[in-house]
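See structure below.
The values are calculated or read from the model by the stated rules, or taken from the named source; none is laboratory data. Computed from a predicted model, the values in this text were never measured in an experiment. With ideal geometry, Cβ positions are generated from the backbone for all residues, glycine too; neighbour counts draw on all protein chains shown.
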Amino acid sequence: MKKLVFLVFLFSSFSGFSQKSDFWKNVRFGGGFTLGFGSQTTIGVSPSAIYDFDNGFSLGAGFNYIYSEAGAFSTNVYGGNIISLYQIPNVGIQLSGEFEQSFAKQTTSVGSINTNFPALYFGAAYNQGRFAFGFRYDVLYDSNKSIYASPFSPIVRFYF
């Protein structure tokens, strides 16, 4: 009898694990990018993955890397983030909240400086299909710690 109960439990466990999950159907991959050329060169990528819930909310995580160079001054920034998105129904507006922890290495001809700083962004973007663009604001911005010149930054993101 114990063997029969064990076999029934074992086969029901296998059939439970073999059920196809809808989890991956709700995951989207994408992120954002930064490009700037001229007196200062800036190149950045920020890949991420989000999970779409049924109610217009999405939650995800990602990482970022930015390289910037102006003359003899260069900066490498890398970090990770947690992002939440809310798509307002029938309007095309996407609201976002994003916590990011960044680490930077600034190098000059004199030497280098390592810093780290958190950022908490709240933003709004126009969303058309898989592409969104808008602005965000860092509520934790500290001009003494951040390597960025302003708490405002553009949003350019896409998810597939």
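Filtering the range 6-62 to residues that are over 27 Å from ILE93 (Cβ atoms) and either modelled with pLDDT of 95 or more or of a type in the set (Val, Ile, Thr) (or both) leaves VAL8, THR41, THR42, ILE43. Restricting GLN128, GLN106, GLN94 to residues that are surrounded by 14 or more Cβ atoms within 10 Å (Cβ to Cβ) and closer than 27 Å to PHE23 by Cα narrows the list to GLN94.
Residue by residue, here is whether (1) touching a residue at least 24 places away in the same chain (Cβ under 8 Å); (2) at positive phi; (3) not polar (S, T, N, Q) holds:
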residue	(1), (2), (3)
GLN40	yes, no, no
SER48	yes, no, no
ASN64	yes, no, no
SER68	yes, no, no
SER74	yes, no, no
SER84	yes, no, no
ASN90	no, yes, no
GLU98	yes, no, yes
GLN106	yes, no, no
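Number of residues in the range 27-41 that are under 18 Å from ALA132 (Cβ atoms) and either among the hydrophobic types (A, V, I, L, M, F, W, C) or in contact with an Asp or Glu (Cβ under 6 Å, 6 or more places away or on another chain) (or both) equals 4.
Exactly one residue among GLY44, GLY31, GLY60 is touching a Pro at 6+ places or on another chain (Cβ under 6 Å) and either part of a strand (DSSP E or B) or surrounded by 13 or more Cβ atoms within 10 Å (Cβ to Cβ) (or both), and that residue is GLY31. Taken over the range 131-153, residues that are exposed (fewer than 14 other Cβ atoms within 10 Å of the Cβ), modelled with pLDDT of 95 or more and not in a strand (DSSP E or B) amount to 1.
Quick check on ASN76: is it surrounded by 15 or more Cβ atoms within 10 Å (Cβ to Cβ) and within 19 Å of TYR51 (Cβ to Cβ)? Here the answer is no, as ASN76 does not meet what is asked.
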